[in-house]
Amino acid sequence: MRDLRGKVVLITGGASGIGQGMARAFAQAGARVAIADVDEAGGREMVRVLGRASFEAMFVALDVTDRAAWRRAVGEVEGRWGRVDILCNNAGASALGFPISSLSPEVWDRTLQLNLSSVYNGVVAVVDGMRARGCGHIVNTASVAGLMGDLPNAGAYTATKFGVVGLSETLAAELAPSGIGVTIVCPGAVRTSLWKTSRPALGLSPREDPNEAAGAPSASEEAMDPYRLGCLVRKAVQDEQLYVISHPEYDARIAARFRAIREGSTWTQDAVRSEAPGIP
């Protein structure tokens with residue numbers, strides 16, 4: 001999808017952070033941007049910012065865990081612009097600082113709803129229209145946490161991001177024959193307010209959230225600018241690129257995981273020969 005002029009892009013979590021960076025990047029390429037968020041004030045302000053720069057934008061209220069709300073939101077966008085060409089499933093939450101043994105069932109369930117089920121909800125809401133037109137692109141925001149599991153006290157977050165990666169790879173295989181591309185975004189620390197917005201989204205009070213005291217990577221001035229990541233996502237869509245790995249400092253840890261998998265395969269075959277001879 002080289003030419004983005006006039007394309008319709010629906011971005012969840014578009015009122016702030018990575019979603020806002022994507023909105024700016026796609027708008028600057030001439031796309032029409034629909035900001036979907038539970039933060040109506042922030043979303044409408046983003047639309048005003050884009051409008052002042054003569055970009056086309058609209059706001060739609062959307063709780064990504066609500067499938068009926070998805071149908072309404074997509075209907076609003078289609079009612080104005082006729083279609084959704086690109087879906088960016090970007091909204092989510094982060095439950096960092098909790099060992100699995102002390103993570104409440106409520107926070108576990110809510111994290112899965114916000115980070116993983118929401119991706120399914122979005123795909124189902126737009127994919128029939130994309131198939132009918134024979135083109136489209138789906139961007140799913142995962143994380144480096146979806147490529148490496150050695151992140152203590154981040155079990156719920158890591159589980160959902162591994163899920164987003166697996167779901168997205170499956171979608172890429174399923175949708176390619178219909179002319180629909182898929183991009184999986186796996187960033188490290190990006191300068192956002194995720195650590196703040198996650199608290200109410202997960203039902204946590206400030207005192208319950210260890211990020212309040214410890215600080216979060218996303219709050220660091222050294223974290224990546226969200227607009228820079230948005231530009232990488234835009235180029236990935238244009239180039240039909242499956243993966244965006246924006247933080248090379250994690251490459252060694254990601255590679256170590258795949259080495260462990262290969263070593264596990266080798267060990268298993270050796271074990272089969274020694275413990276169960278005769279089995280090929």
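Computed values, structure above
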read-out: Whole-Hz couplings from phi, Karplus 6.51/-1.76/1.60, listed for region 91-99; x for Gly and Pro; value: 5, x, 8, 10, 9, 8, x, 10, x
read-out: Cα long-axis angle, helix 118-133 against the chain (0 to 90 degrees, to the nearest 10); value: 60 degrees
read-out: For the chain, built as a Gaussian network whose Cα springs stay under 10 Å, the top-fluctuating residue of PRO99, PRO187, PRO226; value: PRO99
read-out: Relative contact order, percent, the chain [alpha-carbon distance under 8 Å, six or more residues apart]; value: 20 percent
read-out: Simple Cβ-charge dipole of the chain, Lys/Arg +1 and Asp/Glu -1, about Cα centre, in debye nearest 20; value: 760 debye
read-out: Crossing angle, helix 155-175 versus the chain [Cα axis fit, 0-90 degrees, rounded to tens]; value: 70 degrees
read-out: Exposure proxy ranking, count of Cβ atoms within 10 Å, fewest first, for CYS231, CYS186, CYS88; value: CYS231, CYS186, CYS88
read-out: Neighbourhood charge, 14 Å Cβ-Cβ cut-off, centred on ALA252 and excluding it, Lys, Arg +1 and Asp, Glu -1; value: 0
read-out: Range of Cα positions in region 13-148 per principal axis (Å), largest first; value: 50, 33, 28
read-out: Estimated 222 nm signal from helices in the chain, with DSSP H stretches of n ≥ 4 weighted -39500 (n - 2.57), rounded to 500; value: -15500 deg cm²/dmol
read-out: Angle in degrees between helix 17-28 and the longest Cα principal axis of the chain, rounded to the nearest 10; value: 50 degrees
read-out: Computed over region 8-246, the ratio Rg/Rh where both radii use C-alpha atoms and Rh is Kirkwood; value: 0.95
read-out: Rounded Å value of the spacing that divides the Cα centres of region 1-20 and region 82-120; value: 20 Å
read-out: Residue among THR160, THR65, THR268 with the largest mean-square fluctuation in a Gaussian network model of the chain, springs linking Cα atoms under 10 Å; value: THR268
read-out: Top of LEU151, LEU116, LEU232 by mean-square fluctuation, Gaussian network on the chain, Cα under 10 Å; value: LEU151
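Bear in mind these aren't lab numbers, they're just calculated from the coordinates by the rules spelled out. None of these values were measured; they are calculated from a predicted model. Neighbour counts run over all protein chains shown; Cβ positions are idealised from the backbone, glycine included.
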